[in-house]
Amino acid sequence: MKLYGEANPAPNPRRVRMFLAEKGVDLPEIRVALRKGEHKTAEHKARNSLGQVPVLELDDGQTISESVAICRYLEALHPTPPMFGSCALTQAQVDMWVRRIEFQIMSPVAMYWRHAHPLTASLLAQNNDFGESNKPIVGKSMLWLDRELADGRPWIAGEAYGMADIVALTTIDFAGFIGLEVPDEASALKAWRDRASARPSAAA
Ligand SMILES: N[C@@H](CCC(=O)N[C@@H](CS)C(=O)NCC(=O)O)C(=O)O
């Protein structure tokens, strides 16, 4: 089994590396240079028709795309420690939070990145006004997550660190890289980020 990914700050391949680090599982990763367009070659599109990373390639050549789906597959192979919840309730809570982070924070971050950031300007016809319009949405969503975390729970989906924390940390770190910082007043979110960043897996 091997991964196709890209170096940080690319957030989606980092999710899988962090997940593997939490599990203590080692997998080779082949880097697909996004800046050189290697993800849009026929060779990579044969692995993922959307031309994106990460991709997990199984020993028989089958491939799985989408970072959360890859982690789900790896969770089934390596169930301990559980990263997608350990009972019906916590499993649903992890799913709920993964989807919330993706829709509420990752989507506007991605739209800002694609449509307003100079590093993507040569890759598509940007709509700068639309891109910029996502900036306040990201701030508002981060403040929403901060209010959620102000109840004192240690991790996003509750008592256990898991996939929702990985999706959130990779998203928030990437947002910072492109200039969308966590608002100063978001003290619970910043405290959560410090806890999550202190785990060895954050270095992945
Ligand atoms: N929903 C996908 C998103 C994958 C994605 O957007 N990956 C980025 C790198 S972090 C990429 O390949 N971007 C190039 C592109 O979309 O053309 C996942 O979770 O894996």
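What is the sum of charges around Met106, taking Lys and Arg as +1, Asp and Glu as -1, for the other residues whose C-beta is under 11 Å from the C-beta of Met106? Neighbourhood net charge equals +2. Calculated FRET efficiency, Thr80 to Glu38, Cβ-Cβ distance, R0 = 41 Å: about 0.75 to the nearest 0.05. Between the alpha-carbon centres of the range 126-204 and the range 34-71 there is a gap of 26 Å.
Each of Ile166, Ile30 was scored by other Cβ atoms within 10 Å of its Cβ. Listed from fewest to most, they are Ile30, Ile166. More than 24 Å apart: what percent of Cα pairs in the chain qualify? So the portion of pairs separated by more than 24 Å is 42 percent. Projecting the Cα atoms of Pro118, Cys71, Ala191 onto the charge dipole of the chain (Cβ charges, centred on the Cα centre) puts Pro118 farthest toward the positive pole. Annotation: extensible slack from Glu57 through Ala125 equals 21.3 nm (criterion: 0.36 nm per residue apart, minus Cα-Cα distance). Listed from fewest to most Cβ neighbours within 10 Å, the set Arg14, Arg193, Arg31 follows the order Arg31, Arg193, Arg14. Note on the chain: helix-only mean residue ellipticity at 222 nm, from DSSP H runs of 4+ residues weighted -39500 (n - 2.57) and normalised by residue number, equals -15000 deg cm²/dmol.
Considering only Pro108, Asn127, Gly152, and ranking their Cα positions along the charge dipole of the chain that arises from unit charges at the beta-carbon of Lys, Arg, Asp and Glu, the one farthest toward the positive end is Asn127. Between the beta carbons of Val25 and Glu159, assuming R0 = 22 Å, the FRET efficiency works out to 0.40 to the nearest 0.05.
FYI, it's all coordinate maths here, none of it is from the lab. Treat the numbers as computed from the prediction; the structure is a model and nothing was measured. Reconstructed Cβ throughout: ideal geometry from the backbone, glycine too, with neighbour counts over all protein chains shown.
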